[in-house]
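*Asks:* The following block contains the structure, expressed as structure tokens.
The values are calculated or read from the model by the stated rules, or taken from the named source; none is laboratory data. Not measured: the values here are computed from a predicted model. All Cβ positions, glycine included, derive from the backbone under ideal geometry; neighbour counts span all protein chains shown.
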Amino acid sequence: MSNIIKTVDVTDSLENLSEFCDIENGRISGKIFSDKAIYEQELEKIFARCWLFVAHESQIPKTGDYITTTMGEDEVIVVRQKDGGIKVFLNACPHRGNKVCFAESGSTRGFICNYHGWSFNTAGNLVGQHESGIYEASDFDKSKWGLKEVAQVDSWKGLVFATFDPEAPTLKEYLGPMTWYLDALFDNQEGGTEFAGGCIRSTYECNWKIAAENFVGDILHAGWTHDSAARAMLGGAVAKVSDFEESYSVNWNGHGYEFALDTVGNVAVLGESALNKYVHTIKPSVAERLGEFRSNMVASVSSCTIFPNFSFLAGQNTIRVWQPRGPNKIELFSWVLVNKSAPDDIKEKWRKGAMMTFSPTGVFEMDDGENWEYCTKTSKGKVTGAQDLYIGLGMNTLERQTDLPGNVYKGQLNEANARAYYQHWYDHLNAKSWSEIPDRNVGKAEVE
Amino acid sequence: MDKVFLCKVSDLAENEVKKIDNSEHGDIAVYNLGGQYYATADLCTHATASLAEGDVEDDLIVCPVHWGQFHIPTGKAMGFPCEIDLRTYPVEVEGDEIYALVEAADAALIAKG
């Protein structure tokens, strides 16, 4: 009990915050991508507060299996317990703070600190130390000095999230009706999903929000930015999104999913016809499971970000976390997702296809990295950073008459999700606790 | 030779280990491996740790602190960082009661932490 983490003190919000973000008028300031004071506020009011993706259950199937990752800049260990549960601990010894686990993943009986030999079991309890007798002589109570456990851990369909904030709403409330859309990728077949292969790590000199915002709802860039990559992989241009008869941008609590209903537009760019065929083959069973509408989303032209920094592309099946490393740097952790029930050769083709397109050497990833780095670099200019940036596409596109859940906007060539994302970002930075965050959702919270 | 009462058969489930306090000879760990009973010193020969808090895996006891291992029937040290074998005791079962036969205290055989 006493090993529960101490929460950080919440400082006052920045006084001039509204200068950086004016969503009603469709503008943000470049400064939000480089300002150090804003970044410090983000670590405290977003990364120490929100639910953050930490693992997929398939990475740690057995007792003692663990992975290491970060929540914001805080290093954590995610470990499967004897009772089948999952705990998340700070990857720091409570004696002098040394890191206790250096591997990215593995299976263990516990964690032993290199410095003074403090030894912790997988439940985080301190079970012994080098020269343990001298601690006993000091009336040391080892039950109080286990690894520090994060406040809340929960999972949804294989995705494990954690939050440092004991006051955070439940994960279910946090995700809201977005789960209805997430099912299209994470629950389209019996047995659910798993990660194929390990974690792919790389760094970019860009602000974390630029990447997250790109996935929350910026398909607009694809036809232009990725034109040459698409020609290399597909032998032709990216699908012209404005030609789609029906597409949407949906958001909730700052999360956003933009999608078309073309079934295979995203998977097609992997250049593996067997994968397109797989999607078509499972489609009838997806329609039976999730309905016709979502069976069109399995690998369609789409992207999604769950606030603040968890993103994915259904079809390419790249799953990613934009880990903040200062205002001008991210570490990208990415994985490839497959259906557990998919044949082995299909899983392998997905792994390779995602590596060819969305990995440090991937042809699409290169295109994005260059743009994102320069969006960040220009904002470091004293004068340049103070200028307004336009974020007003698709004002007045809210669909009021719809059965779809969430805040639904017409068309995916639309900055509605980016606006909702930055509005939510602003609301967090402007709030001292969860209770001060306004509910700006206007759509249906439940699926009818 | 002391005959030391350890516990009742009914109190020790299969593949379980239990610590029996004994100030005279040092604490004793008693094991039930598939209906066969064994007894060893409870104190790990490497560091201060009660082996009874560790896990029984097949016929090995895994120390809870540094995960060294001992072969339960013979006490042989089987895994890093344990290098010194564990003292074992012959066991007698009389009805529902399990006893260890312990040689008069030989300080050299009681492992130090």
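*Asks:* Got at least one residue in region A:147-159 being outside any loop (DSSP other than H, G, I, E, B), touching a residue at least 60 places away in the same chain (Cβ under 8 Å) and among the aromatic types (Phe, Trp, Tyr)?
*Replies:* No, region A:147-159 contains no residue that is outside any loop (DSSP other than H, G, I, E, B), touching a residue at least 60 places away in the same chain (Cβ under 8 Å) and among the aromatic types (Phe, Trp, Tyr).
*Asks:* If you go through region A:282-320 one residue at a time, how many are of a type in the set (A, V, I, L, M), more than 24 Å from A:GLU173 (Cα to Cα) and surrounded by fewer than 22 Cβ atoms within 10 Å (Cβ to Cβ)?
*Replies:* 2
*Asks:* So A:ASP218 clears everything in (1) closer than 17 Å to A:GLN316 by Cα; (2) over 26 Å from the mean Cα position of the chain (by Cα); (3) of a type outside the set (A, V, I, L, M) except one condition, right? Which one?
*Replies:* Answer for A:ASP218: the failing condition is (2).
*Asks:* Determine, yes or no, whether B:CYS82 is in contact with a helix residue (DSSP H, G or I) (Cβ under 9 Å, 6 or more places away or on another chain), within 14 Å of chain A (Cβ to nearest Cβ) and not polar (S, T, N, Q).
*Replies:* Working: in contact with a helix residue (DSSP H, G or I) (Cβ under 9 Å, 6 or more places away or on another chain): no; within 14 Å of chain A (Cβ to nearest Cβ): yes; not polar (S, T, N, Q): yes.
Considered against the rule, which asks whether it is in contact with a helix residue (DSSP H, G or I) (Cβ under 9 Å, 6 or more places away or on another chain), within 14 Å of chain A (Cβ to nearest Cβ) and not polar (S, T, N, Q), B:CYS82 comes out as no.
*Asks:* Just a yes or no: is a residue in region A:127-144 touching a Lys or Arg at 6+ places or on another chain (Cβ under 9 Å), touching a residue at least 60 places away in the same chain (Cβ under 8 Å) and either assigned to a loop (DSSP other than H, G, I, E, B) or within 13 Å of chain B (Cβ to nearest Cβ) (or both)?
*Replies:* Within region A:127-144 (the criterion being touching a Lys or Arg at 6+ places or on another chain (Cβ under 9 Å), touching a residue at least 60 places away in the same chain (Cβ under 8 Å) and either assigned to a loop (DSSP other than H, G, I, E, B) or within 13 Å of chain B (Cβ to nearest Cβ) (or both)), the answer is no, since none of the residues qualifies.
*Asks:* Right, something else. Which numbered condition in (1) within 12 Å of chain B (Cβ to nearest Cβ); (2) under 29 Å from A:ARG325 (Cβ atoms); (3) of a type in the set (Val, Ile, Thr) is the only one that A:VAL150 fails?
*Replies:* Checking A:VAL150 against (1) within 12 Å of chain B (Cβ to nearest Cβ); (2) under 29 Å from A:ARG325 (Cβ atoms); (3) of a type in the set (Val, Ile, Thr), the one that fails is (1).
*Asks:* Right, here's the next one. Give me a count of the residues in region A:31-69 that are closer than 30 Å to A:ASN339 by Cβ and of a type in the set (A, V, I, L, M). Full working, then the answer.
*Replies:* Residues of region A:31-69 that are closer than 30 Å to A:ASN339 by Cβ, as a first pass: A:50-69.
Right, trim to of a type in the set (A, V, I, L, M) and you get A:52, A:54-55, A:60, A:67.
Residues meeting the conditions: 5.
Results for (1) in a helix (DSSP H, G or I); (2) more than 27 Å from A:ASN251 (Cα to Cα), shown as yes or no for each residue.
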residue: A:PRO360; (1), (2): no, yes
residue: A:GLY369; (1), (2): yes, no
residue: A:THR376; (1), (2): yes, no
residue: A:LEU389; (1), (2): no, no
residue: A:GLY394; (1), (2): no, no
residue: A:ASP403; (1), (2): no, no
residue: A:VAL408; (1), (2): no, no
residue: A:ASN414; (1), (2): no, no
residue: A:ALA420; (1), (2): yes, no
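*Asks:* Now for a separate question. For region A:269-281, what are the residues that are part of a helix (DSSP H, G or I) and buried (at least 20 other Cβ atoms within 10 Å of the Cβ)? Break it down into steps so the answer makes sense when it comes.
*Replies:* We begin by selecting, within region A:269-281, every residue part of a helix (DSSP H, G or I); these are A:273-281.
Across region A:269-281, the qualifying residues are A:LEU275, A:TYR278, A:VAL279.
*Asks:* State which residue pairs qualify: first residue assigned by TED's automatic domain parsing to the domain that holds A:SER202 and inside region A:358-369, second residue among the small types (Gly, Ala, Ser) and part of a loop (DSSP other than H, G, I, E, B) in any location, beta carbons under 8 Å apart, and separation of 6 or more residues or different chains.
*Replies:* Once the first residue is assigned by TED's automatic domain parsing to the domain that holds A:SER202 and sits in region A:358-369, its partners that are among the small types (Gly, Ala, Ser) and part of a loop (DSSP other than H, G, I, E, B) give A:GLU365/A:SER359.
*Asks:* I'm checking my understanding of the structure. Among residues of region B:47-61 that are surrounded by 20 or more Cβ atoms within 10 Å (Cβ to Cβ) and within 11 Å of another protein chain (Cβ to nearest Cβ), which one is farthest from B:LYS18 (Cα to Cα)? Reasoning before the result, please.
*Replies:* Restricting attention to region B:47-61, the residues satisfying the condition of being surrounded by 20 or more Cβ atoms within 10 Å (Cβ to Cβ) are B:47, B:49, B:51-52, B:54, B:61.
Pick out the ones that are also within 11 Å of another protein chain (Cβ to nearest Cβ) and you get B:47, B:49, B:54.
Working: B:ALA47: 19, B:ALA49: 14, B:GLY54: 10 Å.
So the residue we want is B:ALA47.
*Asks:* Considering (1) at negative phi; (2) at pLDDT 95 or above, say which one A:GLY406 fails and leave the rest.
*Replies:* Here A:GLY406 clears every test but (1).
*Asks:* Give me the pairs: first residue in region A:42-67 and under 14 Å from A:ASP165 (Cβ atoms), second residue among the aromatic types (Phe, Trp, Tyr), beta-carbon distance under 6 Å, and six or more apart or on different chains, which are they?
*Replies:* Pairs found: A:ALA48/A:PHE164; A:TRP51/A:PHE161; A:TRP51/A:TYR174.
*Asks:* If you take the residues of region B:31-46 that are of a type in the set (A, V, I, L, M, F, W, C) and more than 21 Å from A:GLY133 (Cβ to Cβ), which of them is farthest from the other protein chains (Cβ to nearest Cβ)? Break it down stepwise before answering.
*Replies:* Residues of region B:31-46 of a type in the set (A, V, I, L, M, F, W, C): B:33, B:39, B:41, B:43-44.
Next cut, more than 21 Å from A:GLY133 (Cβ to Cβ) only: B:33, B:39.
On the way: B:LEU33: 20, B:ALA39: 23 Å.
Filtering region B:31-46 for residues that are of a type in the set (A, V, I, L, M, F, W, C) and more than 21 Å from A:GLY133 (Cβ to Cβ), the one farthest from the other protein chains (Cβ to nearest Cβ) comes out as B:ALA39.
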